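Report on the following structure.
The values are calculated or read from the model by the stated rules, or taken from the named source; none is laboratory data. In this text, all values refer to a predicted model and were calculated from it rather than measured experimentally. FYI the Cβ positions are ideal-geometry reconstructions off the backbone, even for glycines, and counts take in every protein chain you see. Side chains are part of the model used for accessible areas, which takes the heavy atoms of the whole protein and leaves out ligands, DNA and RNA. Shrake-Rupley method; radii C 1.70, N 1.55, O 1.52, S 1.80 Å.
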Amino acid sequence: MGVILLVLALYGTVQAGFHPLDHIGGQMAEILLGQSEKMYLPGASCAERKMDISVQSLLAGGIRLLAPIGSYVDSQETEETDVEDDATYRLILAQQAGDENEVGADGTLVSGTDDSAQTTIHTSGTPIDTSIEKMSNFDYLLGNFYTVDSTTMIRPDELNGADLLSKNMKIDQSTEGPKILIYHTHSQEMFADSVEGDPSTSIVGIGDYLTTLLNDTYHIPTMHHTGVYDLIDGKLDRSLAYDLAKPDLQKILEENPSIEVVIDLHRDGVNEGTHLVTEVNGKPTAQIMFFNGLSKTRANGEIDYLANPYIQDNLSFSLQMQVAANNAYPGFTRRIYLRGYRYNMHFMPKTLLVEAGAQTNTVEEMRNAMEVLADLLHTVLVG
């Protein structure tokens, strides 16, 4: 409101013949006022504007930084991303492809069976209060369960804990066919003691183990897709991995309409001195992190060509998994990470992007983590 009043005052003085910004330079002052008119006084701007377009664009960016509310309204009403700009689109895809592998241990950016027969597993962490009263408080929820990347944003109406926890995440067990699909956008991710050329010691091998646990121990029919999307001409290249995976995902889901859950299983990337490990039932266990894409950035707002109608469902699934982990295995999960872009989470309401461990974890620690993750999936999806 203060910015708007200031612009109105400046506009009035200019119309009266007095330029209060003459000491800055007449031409630059008029350009600045003109750009302000364009944003806040569009009628006057259309009548009197005489600006070079490149300077306008430069000043518009500055004004957006100084007046983010105006920028948000402007982006919602008038801006359109040039989807036909192939270079820009490829850059966005490349950023999306690498983002979820650049979160440090502290959340900052760096690069069903008979339940009575199961052993209760405890970790050394301290459970956080997950009562509905607490979880309905936006600040409490954000402060205890999430890390929001600086490039994106989320509002209280988008992160209502009570609503997210009330969504039904149970799968339909009355129908035949696979219920869960596990795949890997980044199939070449390895661990501290992985054996080169042995996929059983890669993230794909870890996916095999999770699939076996879900099928044999928890009796949840699960498919494991081992398609490779991060190798191009035999060389590691993640820049188009999400885009390359889309056709195969679409085909699998079309051919298997019984699938209700999609899990993209990754391994995180952290500083070499970081070891994401906790103790579960006396066993060293890699910690995991759930990752959500919000399909918007702080700078540009909603990314229309990366739309996801299931963002709220995605958020609900990851939060219910996080709460289940907090209650049964405190210390096993890191905070849920929220970032822009989409990460192919738009194919199914119940979609998870899981960052399990990192390159500094051992294969044994990763397999131990899958035992806990399988139990959490059973808790949330079956109960």
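Assess whether GLU176 counts as being surrounded by fewer than 11 Cβ atoms within 10 Å (Cβ to Cβ) and within 30 Å of HIS275 (Cα to Cα). When the stated conditions are applied, GLU176 does not pass them. For residues that are acidic (Asp, Glu) and open to solvent by less than 40 Å² (accessible area, probe 1.4 Å), tally how many sit in segment 199-245. Summing the residues that are acidic (Asp, Glu) and open to solvent by less than 40 Å² (accessible area, probe 1.4 Å) in segment 199-245 gives 1.
For segment 162-200, the tally of residues that are within 17 Å of the chain's Cα centre (by Cα) and in a helix (DSSP H, G or I) stands at 1.
Just one of LEU294, LEU352, LEU306 is more than 21 Å from LYS170 (Cα to Cα), under 11 Å from the mean Cα position of the chain (by Cα) and not charged (D, E, K, R); which is it?
Numbers: LEU352 fails: more than 21 Å from LYS170 (Cα to Cα); LEU306 fails: under 11 Å from the mean Cα position of the chain (by Cα).
Just a single option satisfies the conditions, and that option is LEU294.
Got at least one residue in segment 235-247 being under 20 Å from ASN292 (Cα atoms), charged (D, E, K, R) and part of a loop (DSSP other than H, G, I, E, B)? Yes, segment 235-247 has at least one match. Exactly one residue among GLU355, GLU365, GLU371 is out of contact with any helix residue (DSSP H, G or I) (no Cβ under 8 Å at 6 or more places or on another chain) and farther than 19 Å from LEU315 by Cβ, and that residue is GLU365. The C-beta contact set for segment 361-383 (first residue within 19 Å of SER202 (Cβ to Cβ), second residue open to solvent by 10 Å² or more (accessible area, probe 1.4 Å) and acidic (Asp, Glu), distance under 7 angstrom, 6+ apart or interchain) comprises THR362/ASP193; VAL363/ASP193. Among what's in segment 128-146 and is among the hydroxyl-bearing types (Ser, Thr, Tyr) and outside any helix (DSSP H, G or I), pick the residue that is farthest from PHE291 (Cα to Cα). Restricting to residues being among the hydroxyl-bearing types (Ser, Thr, Tyr) and outside any helix (DSSP H, G or I), the top hit is SER131. For segment 346-377, filtering for residues that are open to solvent by 10 Å² or more (accessible area, probe 1.4 Å) and farther than 13 Å from PHE191 by Cβ leaves 7. Within segment 143-157, which residues are open to solvent by 40 Å² or more (accessible area, probe 1.4 Å) and touching a strand residue (DSSP E or B) at 6+ places or on another chain (Cβ under 7 Å)? Answer for segment 143-157, where residues must be open to solvent by 40 Å² or more (accessible area, probe 1.4 Å) and touching a strand residue (DSSP E or B) at 6+ places or on another chain (Cβ under 7 Å): VAL148, THR151.
Confirm whether TYR140 is hydroxyl-bearing (Ser, Thr, Tyr) and either at pLDDT below 95 or open to solvent by less than 30 Å² (accessible area, probe 1.4 Å) (or both). So TYR140 does not fit the description; no. In segment 214-225, the residues that are within 13 Å of GLY177 (Cα to Cα) reach residues that are small (Gly, Ala, Ser) with C-beta atoms within less than 8 angstrom, at least six apart or across chains, in these pairs: HIS219/GLY112; ILE220/GLY112; PRO221/GLY177; PRO221/SER258.
Can ASP313 be described as part of a strand (DSSP E or B), touching a strand residue (DSSP E or B) at 6+ places or on another chain (Cβ under 7 Å) and modelled with pLDDT of 95 or more?
Details: part of a strand (DSSP E or B): no; touching a strand residue (DSSP E or B) at 6+ places or on another chain (Cβ under 7 Å): yes; modelled with pLDDT of 95 or more: yes.
For ASP313, the condition - part of a strand (DSSP E or B), touching a strand residue (DSSP E or B) at 6+ places or on another chain (Cβ under 7 Å) and modelled with pLDDT of 95 or more - is not met.
Residues in segment 246-267 that are closer than 24 Å to GLN287 by Cα and either open to solvent by 20 Å² or more (accessible area, probe 1.4 Å) or out of contact with any strand residue (DSSP E or B) (no Cβ under 6 Å at 6 or more places or on another chain) (or both): 1 in all.
Flag set for ILE303, criterion: open to solvent by 10 Å² or more (accessible area, probe 1.4 Å) and modelled with pLDDT under 95.
Each row is one residue, and each column tells you yes or no for (1) in contact with a helix residue (DSSP H, G or I) (Cβ under 8 Å, 6 or more places away or on another chain); (2) surrounded by fewer than 21 Cβ atoms within 10 Å (Cβ to Cβ); (3) of a type in the set (A, V, I, L, M, F, W, C); (4) not in a strand (DSSP E or B).
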| site | (1), (2), (3), (4) |
| --- | --- |
| PHE290 | yes, no, yes, no |
| PRO309 | no, yes, no, yes |
| PHE317 | yes, no, yes, yes |
| ASN344 | yes, no, no, yes |
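Selection within segment 323-338: residues that are surrounded by 23 or more Cβ atoms within 10 Å (Cβ to Cβ) and not in a loop (DSSP other than H, G, I, E, B). The member of this set that is farthest from the chain's Cα centre (by Cα) is ALA325.
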